[in-house]
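What follows is a short report on a single structure.
What follows is calculated from the coordinates using simple rules that are stated; it is not laboratory data. Note that this is a predicted model, so its numbers are computed, not measured. Because the Cβ atoms are built from the backbone with ideal geometry, glycine has one as well, and the counts that use them run over all protein chains shown.
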Amino acid sequence: MAHSDNSYPTISNVGLDGLLVTFAPSLSDTANRAALAFRAHIETLSWSEIQESASTLVSAFFRMDLVQHDPETMKERIAAELSIREWLDAPLPEGRRRWTIPATFETSVAPQLEEAAELAGLEPHIAQKELCDYSLRVLTLGFAPGMPYSGYLPKHWDIPRQSQLVNVPAGALVVAVRQLIIFANPSPTGWRHVGQTAFQCFRPDTDTPVALRPGDEVRLTDVSKTELDRISATDPSGNGGAEWKLI
Amino acid sequence: MGLVVHQCGPALAIQDMGRFGYLATGMMRGGAADTKALHEGAALLDQSPDCAALEMVGTGGTFEATTDLCIALTGAAMRTILNGTPIVWNASHAMQAGDTLTIGPTLSGTYGYLHVSGGIDIDPVIASRAAHLTIGLGALVKPGDILPIGPLTDVANRCIPTDKRFEGGEVRIVPSAQTNRFPEHLRNRFEQTLFRRDPRANRQAIRLDFEGDGFADPSGLSIVSEIVTPGDIQITGDGTPYVLSIECQTTGGYPRIGTVIPSDFAKVVQTPAGRELRFRFISIAEARDIETRARADLQKIKTRVTPLVRDPREMKDLLSYNLISGAIAGG
């Protein structure tokens, strides 16, 4: 995924709603790190013009009122901050958390684990172990509120999405293109369904509707389905037995 | 105490200005499709535009007041009857306890709004009363529901002129992050094409029908999923444009040819199925001038409210009267 392209980063307007800083033309781990680091940097400056910010797979977005504030002036100010360092090798921001999330891979709730393992060239039990061995970064939250796109798994996990959609339940673990997602809601998906968690991505009735933040790390821990069912029944927090600590 | 819903159409939901500040979590703002209509309702009832109102698509319903209250009707005009007597749209009216209000069907436009004095006073969730059904917030309004209202104010029998945003027409767009992926000839053809709003439209996106070739980005390269904003015109793989609406996702993986300016967004959402839409690129500078004027007009919106002096029963041209009077600048 390494690349070098002198035309990046780019700064462009999204309608009149803000400015988008894009660090790479295609998926890239370094560009995601740069987006996280640059967004965090701009946040520390507390510019009054910025109403909110977000980071996506390879970009940072700064929502601002481009009717009131001249886009060219704001682009120059963003460009000046971009030039203070090479953001592609910037350290990740502080205050991130490492989550340990219980997951089960029993066939009844992991119907495509075998198929995904085969595409990755692995025995199912090795695939399952690998999914738990890696700490994956929350690259961005999207599709539904709080739903993490996390990555990157090793290269052999660069398996394509399937054209046939499957229906997965809330909390489902799905995998494709070196990324792992925990589904927020029951939904059709082209990603392969390889496991199940009791983690609730979106909890609108609580003080913290979205628990994960971009940049957090997620590590799965293998539990039995019986244990996961027990956790679902007894953990009222929505964390599904997950724990976190600062990294 | 408030309005009891006796019978209603399939697409009624409580909306306000939506939820800002949650893009990083993957939550789009949602809220009323036509926020101009929220401002008009607020001006009529002399209250904050942040008050929640009932958004009605296609038709309204039958509502009974359980207490004395004031209502206002804005957005897509609907046939409306209060205790057997037709009442005018873009106006406020008094209801007494026991009065029955029947709204629907739509006469022009798509989204109609029923406002109540004090706003619809349900408990907010994540700092808003807006239903955002795609992410599981709130629910459609159904028969038997009671819409609780805030404090009564004496603001009945007022009217407000509106603009021509309910019939389609020209929509101004600005270049956005991915406009340059589309070569000039494609952008020119996009501007020259007569589109019609497809019936396949909802609060996520509005599909545009057209004849001839599509508008697919000829490079054919896939793009990384990226931040989108309501008003973005997304071109799917087969070349069909969709205007993203207020409940779109926060990111999208299709390239966008441009973005509808905020002042014309209500026109896109209000255009009825089958009606014509054309798009014209303007510069960012021109768009900023238009939006600056539109905001100044909005600041003065309460000065456009006038007493509803004519007796509605004597008005033969009842609905057309309010629909065509006083189209405003900057609309």
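P(r) for the protein assembly as shown, from all Cα pairs and a bin width of 10 Å, is 3, 16, 25, 24, 18, 10, 3, 0, 0 %, short bins first.
In this structure, the amide hydrogen of B:Gln178, modeled 1.01 Å from its nitrogen in the peptide plane, lies closer than 5 angstrom to those of B:Arg256, counting only residues at least 5 positions away or on a different chain.
Between B:Leu194 and B:Ser283, how high is the FRET efficiency from 1/(1 + (r/R0)^6) when r is the Cβ-Cβ distance and R₀ = 22 Å? Nearest 0.05.
Details: r = 23 Å, r/R0 = 1.06.
For B:Leu194 and B:Ser283, the calculated efficiency is 0.40.
Under the simplified labelling scheme, the B:Ala127-B:Arg181 pair shows an inter-label distance of 3.1 nm, with each label point 7 Å from Cα along Cα→Cβ. For peptide A:175-184, the mean count of partner chain Cβ atoms within 10 Å of a residue's Cβ comes to 0. In this label model, A:Gln68 and A:Lys225 are separated by 5.5 nm, measuring between points 7 Å along each Cα→Cβ vector. Projecting the Cα atoms of B:Ser219, B:Ile246, B:Gln15 onto the dipole axis of chain B, where Lys and Arg carry +1 and Asp and Glu carry -1 at the beta carbon, places B:Ser219 farthest toward the positive end. Among the residues of A:143-150, the average count of other protein chain beta-carbon atoms within 10 Å of the residue beta-carbon is 5.
Look at the dipole of the protein assembly as shown built from charges on Cβ: of B:Leu152, B:Ser92, A:Val21, the Cα furthest out on the positive end belongs to B:Ser92.
Computed over the alpha carbons of region B:214-266, Rg followed by Dmax gives 10.9, 32 Å.
Between region B:162-215 and region B:18-88, the alpha-carbon centres lie 27 Å apart. What do you get for the angle between helix B:35-44 and the principal long axis of chain B? Use alpha-carbon atoms, 0 to 90 degrees, nearest ten. Roughly 20 degrees, rounded to the nearest 10. Judged by the ratio a/c of the largest to the smallest principal axis of the C-alpha gyration tensor, region B:71-123 counts as oblate, that ratio being 1.5 or greater while a/b is no larger than b/c. Between B:Glu211 and B:Asp238, the distance separating the two model label sites (each 7 Å from Cα on the Cα→Cβ line) works out to 1.9 nm. Positive end of the dipole of the protein assembly as shown (Cβ unit charges, origin at the Cα centre): among A:Leu141, B:Ile235, A:Pro169, the Cα lying farthest that way belongs to B:Ile235. Relative to the current alpha-carbon distance between B:Thr100 and B:Thr85, full extension at 0.36 nm per residue lengthens the span by 4.4 nm. DSSP beta bridges confined to the protein assembly as shown are antiparallel in about 90 percent of cases.
Maximal additional length on extending the B:Glu170-B:Thr292 stretch stands at 42.0 nm, based on 0.36 nm per residue less the C-alpha distance.
Using the Cβ-Cβ distance between A:Glu81 and A:Val177 with R0 = 41 Å, the FRET efficiency computed as 1/(1 + (r/R0)^6) comes to roughly 0.85. Under a 5 Å amide H cut-off, with hydrogens placed 1.01 Å from N, B:Asp232 pairs with B:Leu244, B:Val260 among residues at least 5 apart or on other chains.
Between B:Ala156, B:Ala177, B:Ala77, the residue with the greatest mean-square fluctuation in the GNM of chain B (Cα pairs under 10 Å linked by springs) is B:Ala177.
Could you tell me the relative contact order of region B:1-68? Use alpha-carbon pairs under 8 Å, at least six residues apart, and round to a whole percent.
53 percent
Maximal additional length on extending the A:Gln164-A:Glu106 stretch stands at 18.6 nm, based on 0.36 nm per residue less the C-alpha distance.
The number of Lys pairs in the protein assembly as shown with C-alpha atoms less than 14 Å apart, excluding pairs fewer than 8 positions apart on the same chain, is 5.
Computed from the C-beta positions of A:Asp235 and A:Ser135 and an R0 of 35 Å, the FRET efficiency is 0.95 to the nearest 0.05.
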